[in-house]
Amino acid sequence: IYADPAKRLELYFRPKDPYCHPVCANRFPTSTMLLKVRRRTKKKQRLDTDEQIQPEVQFEMEILGIVTTVYKFQGMSDFQYLAMHSGPDGKQTSMYDKVLMLKPEKEDFFNRELPLYIPPPIFSRLDTPIDYFYRPDIQHREGYNNPQVSGENLIGLSRARRPHNAIFVNFDDEEIPTKPLDAAVQTWKKVCTNSVDKKVEEELRKLFEVRPVWSRNAVKANISVHPDKLKLLLPYLAYYMLTGPWRSLWVRFGYDPRKHPEAKIYQVLDFRIRCGMKYGYAPNDMPVKAKRSTYNYSLPITVKKQVSHTVSVHDLKQGLGTSGASGAKKPASSRYKLKESIYIFQEGALPPYRQMFYQLCDLNVESLQKIIRRNDGAESECTERDGWCLPKTSDDLRDTMSLMIKQIIRSTRPALFSNTTSSEDGKEQMAYESGEDEEDEEEEEEDFKPSDGSENEMETEILDYV
């Protein structure tokens, strides 16, 4: 806790109780001294038994050092939820010996009939009292009548989402859009006020002419455009597929991949790096580190949070395209560009994140392309699961890619695999590890994240446009 200034110190009144809710201390800087005090008592000899002689007391003080940080418990204790059961007579009975497994147990331990015990999913996120300053009642003039309630004068629980006017298409939809919404056209024309933005629009048009289906990260790796402007430009030139083999991808208006077998190479592959203890290494041993984890949930005990920088429409009009801001470290032509590894899978290289969404044409490995081309010229039906590919093509691709990644990890960290045998190489089926959204942690100067905070890139993009 001391090593992380953003954390609060936790105190558990019952450390052995997993249901104990802690109190938190705040960190404060200080400049105080740590003293070591010795108290020496020397008894004097008694000359007269009737007279009481006070012992001689001496204090010795020594300064051991300077204290620069203190933790003060200033908050209130939250409710404590005990594993107890109330009987018919009102007597409380402890259930800790029944709900806590302290040692390996047999099947009978799990099949016992127990009273229902559901601990609270979350405790209070605040431990300091807050004063609510309510507005006083407004005194209206005589004869005033309150206006009728309507949606125009209601205050919502949160701000309304900014519409980006994207068109969403499901795999089962019969028709596909041939042009953007009028609102999308007007929105883009409003912010496209300089030559840089017009150049970006032409570049994206050429990309969709060369390849009718693109992922957002692939677009970011080929053209340099501000992420907030890309949100407005994509709905102007393409529609978004929600389900099916082209889910999470942007498709050029008027192009229906379900009717063109050659669109097989543009299908998406959801790939996640597999890892498991039985193969000699844990998720923490992976060279590709996780961006976040459920084990690191620290919202109630953190004191500092990063504040996202909002961009207004006025800022967009001022040319936040490829021109960038003043003092930028990257050149203007590539300020917002991402690396090719963000969407291309290369042999001998690890993916930048534990979860990746690849298009089949971006798997630059000959063995993987052979799997994809097994039915070239014989595509007969486009299914929602496999698209124009043979059944279980995605599973075969994931298995082959996992073995390739295993070999890379073995070569970089051979000690992790010292206990594994070569016979297991072809039979490895490791559990899927939840992935991350695309943020290049190795690039210290990366200014913009490919996604806005979701663990799932597809979910993030949908939230951007709903």
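Overview of results
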item: Set Ser224, Ser158, Ser215, Ser150: member being out of contact with any Leu (no Cβ under 7 Å at 6 or more places or on another chain), of a type in the set (Gly, Ala, Ser) and at pLDDT 80 or above; result: Ser224
item: Any hit, the range 373-385, residues being part of a helix (DSSP H, G or I), within 31 Å of the chain's Cα centre (by Cα) and touching a residue at least 12 places away in the same chain (Cβ under 8 Å); result: no
item: Which numbered condition Ala25 fails, given (1) free of Cβ contacts under 8 Å to residues at least 40 places away in the same chain; (2) open to solvent by less than 70 Å² (accessible area, probe 1.4 Å); (3) in the same structural domain as Pro129 (by the TED database); (4) not acidic (Asp, Glu); result: (1)
item: Which numbered condition His85 misses (of (1) more than 34 Å from the chain's Cα centre (by Cα); (2) open to solvent by 100 Å² or more (accessible area, probe 1.4 Å)); result: (2)
item: Test: Pro129 is assigned by the TED database to the domain that holds Arg8 and either at pLDDT below 80 or part of a loop (DSSP other than H, G, I, E, B) (or both); result: yes
item: Of all residues in the range 214-235 being within 21 Å of Val268 (Cα to Cα) and not in a helix (DSSP H, G or I), the one that is nearest to the chain's Cα centre (by Cα); result: Ser215
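The values are calculated or read from the model by the stated rules, or taken from the named source; none is laboratory data. None of the values given here were measured: they were computed from a predicted structure. Here the Cβ is made from the backbone with ideal geometry for all residues, glycine too, and neighbour counts use every protein chain on show. Accessible surface areas use protein heavy atoms only, side chains included; no ligands, DNA or RNA. Shrake-Rupley method; radii C 1.70, N 1.55, O 1.52, S 1.80 Å.
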